[in-house]
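Take a look at the structure set out below.
Quick note: the coordinates plus some simple rules give every number you see, no bench work behind them. Here the structure is a predicted model, which means the values were calculated and not measured. A quick note on method: Cβ atoms are made from the backbone with ideal geometry, for glycine too, and the neighbour counts reach across all protein chains shown.
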Amino acid sequence: MSFFHAMTPFIEVVIIAIMLNYILTFFWNTKSMDLVLGILAFLFILAISSWLDLPVLHKLMVVIGNVAVIALIIIFQPELRVALSKLSLKGRRFREVTEFDRFLDHLAGSVYRMSEKRVGALIAIENEDSLQEYAQKAVMVNGEFSSEFLETIFSINTPLHDGAVILRDKTILAAAVILPLAEDASQLARSMGTRHRAGLGLSHMTDALVIVVSEETGKVSIAREGIMTRGVKIDRFKGIIRSIFNPPPRATQSKFNFIEWLKT
C-alpha cells in the first residue's frame, strides 16, 4: 500500500500529460489553438495572483473564469462534440462509418483541395428553408454528389464555375446559382469579394450553411445565420457541418406483418 502512495504523484503526472497531449493534438494547427494558448495564459495569471497574494486580481480572475467556461462551451460546441466522439473505447476500425460520414469526408476533401489550389468556390447546403427559388433561376443539375463532380464544376475552364452550387442532402441540385448580396458587409475584410458577400447574403435570408473558398487567399469561410467565420480548418469544418446536418441514428424496429405471416 505504501508503494502505491509513493507512485501516486507519478501516476497523476502521466494522466495529466496524456490529457494535455490529447487537447494539444486536437487543437494543433487550428484557429482554436490561439484559444488554448489564451487559456494557459489565463491560468498562469490566476496562479501568479494567488502566489503573490493579490486578492482583488485573484477575485476578478475567478469571476471571469466562471463566465468564460460557459461562453466557451457555447461557442465551441461543434469542436467539443468531435473531441468527445473520439473518446470512444472502440478503435477507429471498429467504428461504424455512416453514409453521412462518407459524404462529409468527400465534401471536406474536395473543399480543401480547392483551397490548396486557390480555386474559388461557393457552396450552399440547404437546411430547413428551401432554396428551390434560387435553383430554378440557375442551371438545374440534380446529380449525385461526388468530390470529382463538385471540383469539376468550379474548374475555371467550365461554364458553370461562376456562381454557387446548391447541395440538397447528398445531391447537387443546381450550379451557376446567383445568390443575393449582403447589404451590410461591415464584417467582411477587404480581401473578401463577391463570393463572400453572396454567401453572407444567403445566410441572412435562409438557414442554409454557405461554404466560401477564397480565390485570392485560399481560406475557407463558413456563413451561417448572418455570421461569417473565416479561416476555418478542416477539423472544425467537419464539426460544424456534422453538428447541424448529421441526422440522429434511428433504431430499427421489426414490424409484424400479418399478411406475410399467413403466406408462410
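A few comments on the model shown:
- Here the label points at residue 139 and residue 70, each 7 Å from Cα along the C-beta direction, are separated by 5.1 nm in the simple model.
- Label-to-label distance, nm, for residues given as residue 178 and residue 59 (7 Å Cα→Cβ offset): 6.3 nm
- For region 130-139, Karplus couplings with θ = phi - 60° (6.51, -1.76, 1.60), whole Hz, Gly/Pro x: 6, 9, 4, 5, 6, 5, 5, 8, 10, 9
- Reachable aspartates and glutamates, given that their alpha-carbon falls under 15 Å from the alpha-carbon of residue 137 and they are not under 8 places away in the same chain: 162
- Pair residue 99, residue 15: separation of 7 Å Cα→Cβ label points (nm): 4.3 nm
- Under the shape rule built on the C-alpha gyration tensor, where the axes satisfy a ≥ b ≥ c, region 136-181 is oblate, since a/c reaches at least 1.5 while a/b does not exceed b/c.
- Judged by the ratio a/c of the largest to the smallest principal axis of the C-alpha gyration tensor, region 180-239 counts as oblate, that ratio being 1.5 or greater while a/b is no larger than b/c.
- Other-chain or far-sequence residues with amide H under 5 Å of residue 167's (modelled H): 124, 125, 126, 173
- Shape of region 94-245, Cα gyration tensor, a/c cut at 1.5: rounded
- Computed extension gain for residue 149 through residue 113, at 0.36 nm per residue and net of the alpha carbon distance, reaches 11.6 nm.
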